[in-house]
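First comes the structure, then the notes that go with it.
Derivation of every value follows stated rules applied to the coordinates shown; laboratory data play no part. Since the model is a prediction, treat every value here as computed from it, not as a measurement. Cβ: placed from backbone, ideal geometry, glycine included. Neighbour counts: every protein chain shown.
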Amino acid sequence: MNSTDLVGQVIGGNLVVLLIAVFVIVSVALGVRIVPQSEKHVVERFGRLRAVLGPGINLIVPFLDRVAHKVSILERQLPNASQDAITADNVLVQVETSVFYRILEPEKTVYRIRDVDAAIATTVAGIVRAEIGKMELDQVQSNRSELISTIKASVEDAVDNWGIEVTRAEILDVNLDAATREAMLQQLNAERARRAAVTEAEGQKRAVELNADAELYAAEQQAKARRIAAEAEAYATAVVAQAIADNGLEAAQYQVALKQVEALTAVGQGDGKQTVIVPAHALDAFADAFSMLKGRG
């Protein structure tokens, strides 16, 4: 064997080794798949679903299996969408919605629906129109949280076959046309005026009630004062009667004489100079009174 043949054999052997090494490297590169935490990979074999690779290191059969789809499992938000709807009381409203979702089963999503975002948006629009059509405008405005829950549940049922989970559905705004908005504003102003009138009437009624209570209280106090005065007078009369019963007629005459002297004294204390004309029999009565008073003293 000459040197040329030897060199050729060495080169040929090295080439085979090199090819084997390249084949091994390529096989390893194709057979080992590292999937990020935020993704799932759909593997096909000859065009058919073979497996779904989760996060981490995964092994597949080189040259037979291939990663056909890399699907993000992060939560997504659909672009805000507006759709017209008619309420049960025939009011046209424009509803702005927002939907959040994530893919749980990518093998369903990639093989059962082509455009996920468009499909969900269409489904949401139909459900929103259907649900608002069952409610009157006041209910739409006041029961928004209940409406959102109903829409979310309906959307979840509709997209269940697509391997999707609807995490949140929001109604951002409910807009009205100008004519309806003006009519509602007039109604609101009328309601405010009605409440103000009712409040004023209730205030006037309360004032009348308080005034009546005050008058009743004053009357009760006056009656109480008159009753006390009557009781005092009755007590004084009883005392005089008892004195007469105990001392006889002399006690009564004494009381009369005392009153006469007090009356004469009051007349004499008047302003200016006064001339008091007293009948003769009155003077005799005063004399008797002074004598009785003196005897008492």
Set the Förster distance to 45 Å, then compute FRET efficiency between Asp157 and Val26 from the Cβ-Cβ distance, nearest 0.05.
0.45
Virtual spin-label span in nm between Glu220 and Ala118, 7 Å along Cα→Cβ
8.3
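Multiply the residue separation of Gln37 and Lys134 by 0.36 nm, subtract the distance between their alpha-carbon atoms, and state the gained length in nm to one decimal. It would help to have the intermediate numbers written out before the result.
Values: separation 97, 0.36 × 97 = 34.92 nm, distance 4.30 nm.
The Gln37-Lys134 span can extend by a further 30.6 nm.
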Segment Glu202-Ser145, length gained on full extension (0.36 nm per residue, minus Cα span)
17.0 nm
Which whole-Hz couplings ³J(HN,Hα) result when phi for each residue of region 120-136 is put into the Karplus expression 6.51 cos²θ - 1.76 cosθ + 1.60, θ = phi - 60°, listed in order with x for Gly and Pro?
5, 4, 5, 4, 4, 4, x, 5, 4, 4, 5, 6, 5, x, 8, 10, 7
Kindly list the residues of region 130-160 that lie in the label zone of Leu92, defined by a backbone N under 20 Å from the point 7 Å along the Cα-to-C-beta vector.
130-138, 140-141
Under 5 Å from the placed amide H of Ile73, counting only residues 5+ away or on other chains, we find Glu39, Lys40
If the chain between Arg194 and Leu104 were fully stretched, how many nm would it gain, using 0.36 nm times the residue separation less the Cα-Cα distance?
26.9 nm
Ala68's amide H: which non-local residues (gap 5+, or another chain) put their own amide H closer than 5 Å, with H modeled 1.01 Å from N in plane and none for Pro or chain starts?
Val42, Val43, Glu44
Skipping prolines and chain starts, which residues have an amide H placed within reach, meaning under 5 Å, of the one on Met135, given they are 5 or more residues away or on another chain?
Ala88
Efficiency by 1/(1 + (r/R0)^6): what FRET value for Arg48 and Leu18, r their Cβ-Cβ distance, R0 = 35 Å, to the nearest 0.05?
0.50
